C-alpha cells in the first residue's frame, strides 16, 4: 500500500513533522501554496534561556500574495540565526552536530530550497526512513484546490493511503477519498519528551533542539503512529 504525505515547506520543523515524513512512500512538498502569515513556513520555535522563542526569516513584502516557492528574504538572516542558535544550544552536548546541520541547510541559495533542506537534511543525518520518492507540487502538473487537488495528487502516484496532519480535518471530504480507494489517516503525534541541558521543554520545539540534546539517538524519540479518520473525528484532536 503506497502511503502519500503532502506538506508545505517549513523552517526546521518540530519532531512530529518528521514522524509524519517517516511514514511516507511518496512525499509531496506543497511549494506552490500561497504563503500564510502566522504559519510555520518561515519560522520555528527555539528554547533559549529557559523560554520558548520564535526564530523567523523576514520576508520581502511580508510574503503577502506570494507562493512559498517565490518567497524572498527581506535581509540576510543567516549570520544572525547561526549566532542565536549557537547561543541557544551552548550547553547542549550535541551542539556541534546541530550547528553543522544548520550550516549545511543555510548554504542553500533560494529560500524555498532552504526550507525543504531544513527537513530533508536532518532526516538524512539522523538516518530516518526516507520516502522512496519526493516531488514538488509545482512540478506535478496537477492543478485545482482544496481536497480535490490533494486527492488527485495522491491518485497520480498510485497512493492508497493518505496520512495528514490535524489541520486537514476541517476540509477533507473523507468519503470521496474512500470512494476513490484511498484510506485517510491522521497523525497520532507521540510528542515524546527528550532530555535537555536546560529544564524548559516543549514537544513543539524545532528538531534542532532534539538533535542538539540527544544527537544521533534522536530517532529513538520519533514514534510514528496514525489513527483512522473516523476514530479521529469521533475522538477529536488530542492536541
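A short reminder: the numbers here are calculations on the coordinates, not readings from a lab. Here the structure is a predicted model, which is why all the values come from computation and not from measurement. FYI the Cβ positions are ideal-geometry reconstructions off the backbone, even for glycines, and counts take in every protein chain you see.
Which angle from 0 to 90°, rounded to the nearest 10, does the C-alpha axis of helix 146-156 make with the longest principal axis of the chain?
Computed tilt is about 80 degrees.
Rank 36, 86, 140 by mean-square fluctuation in a GNM of the chain with C-alpha springs under 10 angstrom and give only the top-ranked residue.
Of 36, 86, 140, the most mobile in the Gaussian network model is 140.
Specify the angular offset, from 0 to 90 degrees and rounded to the nearest 10, of the alpha carbon long axis of helix 78-88 from the longest principal axis of the alpha carbons in the chain.
Computed tilt is about 70 degrees.
I'd like the orientation of helix 95-105 relative to the chain: the angle between its Cα long axis and the longest Cα principal axis, in ° from 0 to 90, rounded to 10.
So the inclination is approximately 60 degrees.
Could you check the simple spin-label distance between residue 66 and residue 129, using points 7 Å along Cα→Cβ, in nm with one decimal?
3.6
So if each residue of separation counts as 0.36 nm, and I subtract the Cα-Cα distance between residue 138 and residue 200, what length gain in nm does that give?
Gain on stretching residue 138 to residue 200: 18.4 nm.
Along its three principal axes, how long is region 1-112 when you only count alpha carbons? Whole Å, largest extent first please.
Sorted from largest, the Cα extents of region 1-112 read 42, 39, 26 Å.
Tally the DSSP beta bridges in the chain and give the antiparallel ones as a percent, rounded to 5.
45
Show me the ranking of peptides 7-16, 158-167 by mean Cβ neighbours inside 10 Å, starting with the highest.
Numbers: 7-16: 22.4, 158-167: 18.0.
Order by mean packing, descending: 7-16, 158-167.
From the helices alone, meaning DSSP H stretches of at least four residues, give me the mean residue ellipticity at 222 nm for the chain, per-run term -39500 (n - 2.57), in deg cm²/dmol to the nearest 500.
Taken over the chain, the calculation gives -9000 deg cm²/dmol.
Using only alpha carbon pairs under 8 Å that are at least six residues apart, calculate the relative contact order of the chain and give it in whole percent. Before the final figure, lay out each step's value.
On the way: 427 pairs, mean separation 70.7, N = 239.
The value is 30 percent.
Comparing 120, 103, 220, which has the greatest mean-square fluctuation in the GNM of the chain with Cα pairs linked when under 10 Å apart?
Looking only at 120, 103, 220, the biggest GNM fluctuation is shown by 220.
Using a Gaussian network model of the chain with C-alpha springs under 10 Å, which one of 199, 96, 224 is most mobile by mean-square fluctuation?
199
Please compute the length gained on full extension between residue 80 and residue 233, using 0.36 nm multiplied by the number of residues separating them and subtracting their Cα-Cα distance.
Gain in length upon complete extension: 50.8 nm.
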